[in-house]
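Taking it in order: structure first as structure tokens, then the write-up.
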Amino acid sequence: MSVTVKKFFLLFLLVQPSTSISFGPKITVVVQNGLQGGRDMLLHCESADDDLGVQLIHPNNSFQWKFQNNVFGRTLFHCSFQWESVLHKFVIYKTSRDHNTCHICNWIVKEDGPCLIFSGRTDCYNWNSLEER
Ligand SMILES: *[C@@H]1O[C@H](CO)[C@@H](O)[C@H](O)[C@H]1NC(C)=O
């Protein structure tokens, strides 16, 4: 590396807003409210770098976001899904679990847990934990 390139690289590192340096392909996560009975759902997802805020999702509607894995090559988004005063918690994206299957992760949320839809399959999971509000 020439001195100039090194300088530019250092400058690049310095002007980056600290933790948001990211690599690799963009990953899209889509979360759809698939609850029965026309119920709204409150969704709150966070990673170490991003807090996506509380989202109100009407029946059959969805919320989506994009991200890249962080500089360490791993990202974990944990979410809470609230209806009827119960928080249902689930890790919606984890690099070590999902990086091979999931460049667009399509989730539909049901009462018993979220289901991942990919290549014609639907894999349903149980909630990681519940919390009364
Ligand atoms: C949501 O989708 C389901 C299945 O397609 C449908 O039966 C239901 O009426 C829809 N609910 C609303 C509120 O649009």
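Quick look at the numbers
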quantity: Residue satisfying all of: in the range 53-86; among the hydroxyl-bearing types (Ser, Thr, Tyr) and more than 16 Å from residue 99 (Cα to Cα); nearest to the ligand (Cβ to nearest atom) among these; calculated: 62
quantity: Among (1) within 17 Å of the chain's Cα centre (by Cα); (2) at pLDDT 95 or above; (3) surrounded by 16 or more Cβ atoms within 10 Å (Cβ to Cβ) - the single one residue 128 does not satisfy; calculated: (3)
quantity: The range 56-102, subset of a type in the set (A, V, I, L, M) and in contact (Cβ under 8 Å) with a residue 40 or more places away in the chain, residue nearest to residue 27 (Cα to Cα); calculated: 92
quantity: Where a residue in the range 35-46 is more than 21 Å from residue 76 (Cβ to Cβ) and its partner, wherever it lies, is within 10 Å of the ligand (Cβ to nearest atom) and in a strand (DSSP E or B), with Cβ under 8 Å and at least six apart; calculated: 39/33; 40/33; 41/33
quantity: Looking only at the range 33-52, and only at residues there that are within 16 Å of the ligand (Cβ to nearest atom) and among the polar types (S, T, N, Q), the one that is farthest from the chain's Cα centre (by Cα); calculated: 36
quantity: Qualifying strands (runs of 3 or more DSSP E) (wholly inside the range 46-99; at least 1 residues being surrounded by 13 or more Cβ atoms within 10 Å (Cβ to Cβ) and in contact with a helix residue (DSSP H, G or I) (Cβ under 6 Å, 6 or more places away or on another chain)); calculated: 62-70
quantity: Residue match in the range 22-31 (condition: within 24 Å of residue 80 (Cα to Cα), modelled with pLDDT of 65 or more and within 16 Å of the ligand (Cβ to nearest atom)); calculated: yes
quantity: The range 103-120, residues that are without any contact (Cβ under 8 Å) to a residue 12 or more places away in the chain and either under 15 Å from the mean Cα position of the chain (by Cα) or part of a strand (DSSP E or B) (or both); calculated: 117
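The values are calculated or read from the model by the stated rules, or taken from the named source; none is laboratory data. A quick note: this is a predicted structure, and the numbers were derived from the prediction, not measured. Methodologically, a virtual Cβ is constructed for each residue, glycine included, from the backbone with ideal geometry; neighbour enumeration extends over all protein chains shown.
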